[in-house]
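The values are calculated or read from the model by the stated rules, or taken from the named source; none is laboratory data. Please read these numbers as outputs of a predicted model, since none were measured by experiment. Note: ideal-geometry Cβ built from the backbone for every residue, glycine included; neighbour counts use all protein chains shown. Just so you know, the surface numbers come from the protein's heavy atoms only, side chains and all, with ligands and any DNA or RNA stripped out. Shrake-Rupley method; radii C 1.70, N 1.55, O 1.52, S 1.80 Å.
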Amino acid sequence: MNIEISRLHHPVTVLGPGVRAGVWVQGCTIGCDGCLARDTWDRRPDRAVPVGDVLDWLAALREPVDGVTISGGEPLQQPAAVGALIAGIRTWRGDRDVDILLYTGYPWSRAARHSDVVAGCDAVVAGPYVARRNSGDTPLRGSSNQRIVPLTDLGRRRYGTGAALPPRGLQASVTGGRLWMVGIPRAGDLQRISDRLADRDIRIEGASWRG
């Protein structure tokens, strides 16, 4: 089974506790205004790879992996492939405390209908991004309407009431001449970064968050 992938990245330190592997799927029709990753909206059959290839990449990571974060794009618009990926991650992790966190732009009431997918996760962050509700004090969430739903004992320990959630932030990496921003920006963060780079005669062109 194939899955359309936008990007694989490790280490990720801003989308869940610890050091994580990040899987971004390609394709989303929700289209939240202000989305950081508009480049992941279009479906791209040319980026389809076997689910097994993603699992092989994960297994080849040398550093410890505390969790896997699956985002996009919209993972629940590839439910069969993402379900197969999650099942493979669960097999790979065995008895280790490696949590699976899935981001979806659907509200939890709708996301929960994909029980064959979300049941394999330890926690889900559900809900569309709403720019006017980007208050900056919502760990792991871009706006206050979004909900963190722990689903397992491991999920409740890491994401439930009283859990020490990592603060919102961004990490940057440069790959193939492109600057990648990973994380959940506060309102105005991206423009401030762009302005400060411009002060140093560094111009950002083709920014995904600008549409």
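Any idea which residue in the stretch 19-45 is modelled with the lowest pLDDT, counting only those that are open to solvent by less than 50 Å² (accessible area, probe 1.4 Å) and β-branched (Val, Ile, Thr)?
Of everything passing the filter in the stretch 19-45, Thr40 is modelled with the lowest pLDDT.
Consider Ile193 against the criteria (1) modelled with pLDDT under 95; (2) not in a helix (DSSP H, G or I): it satisfies all of them except one. Which criterion is unmet?
Among (1) modelled with pLDDT under 95; (2) not in a helix (DSSP H, G or I), Ile193 violates only (2).
Checking Val51 against (1) farther than 24 Å from Leu154 by Cα; (2) out of contact with any Leu (no Cβ under 7 Å at 6 or more places or on another chain), only one condition comes out false. Which one?
Val51 satisfies every listed condition except (2).
Report, ordered by the first and then the second residue, all pairs with beta carbons closer than 9 Å, sequence separation of six or more or different chains, a first member in the stretch 144-170 that is within 19 Å of Arg96 (Cα to Cα), and a second member that is acidic (Asp, Glu) and loosely packed, with under 15 Cβ neighbours inside 10 Å.
If the second residue must be acidic (Asp, Glu) and loosely packed, with under 15 Cβ neighbours inside 10 Å, the pairs left are Leu154/Asp97; Arg157/Asp97; Arg158/Asp97.
Please count how many residues of the stretch 121-161 are charged (D, E, K, R), surrounded by 15 or more Cβ atoms within 10 Å (Cβ to Cβ) and either out of contact with any Pro (no Cβ under 7 Å at 6 or more places or on another chain) or assigned to a loop (DSSP other than H, G, I, E, B) (or both).
4
Can you tell me which residue is least open to solvent (accessible area, probe 1.4 Å) among those in the stretch 48-98 that are at pLDDT 95 or above and basic (Lys, Arg)?
The selected residue is Arg93.
Take Gly105 and decide whether it is in contact with a Pro (Cβ under 6 Å, 6 or more places away or on another chain) and either at pLDDT 95 or above or more than 18 Å from Ala187 (Cβ to Cβ) (or both).
The answer is yes for Gly105.
Scan the stretch 123-139 and give yes if some residue there is modelled with pLDDT of 90 or more and of a type in the set (Ser, Thr, Tyr), otherwise no.
yes
When only residues in the stretch 162-175 that are small (Gly, Ala, Ser) and either open to solvent by 80 Å² or more (accessible area, probe 1.4 Å) or modelled with pLDDT of 85 or more (or both) count, which is farthest from Asp66 (Cα to Cα)?
Gly162
Does at least one position in the stretch 80-94 carry a residue that is of a type in the set (Ser, Thr, Tyr) and in contact (Cβ under 8 Å) with a residue 40 or more places away in the chain?
No, that holds for no residue.
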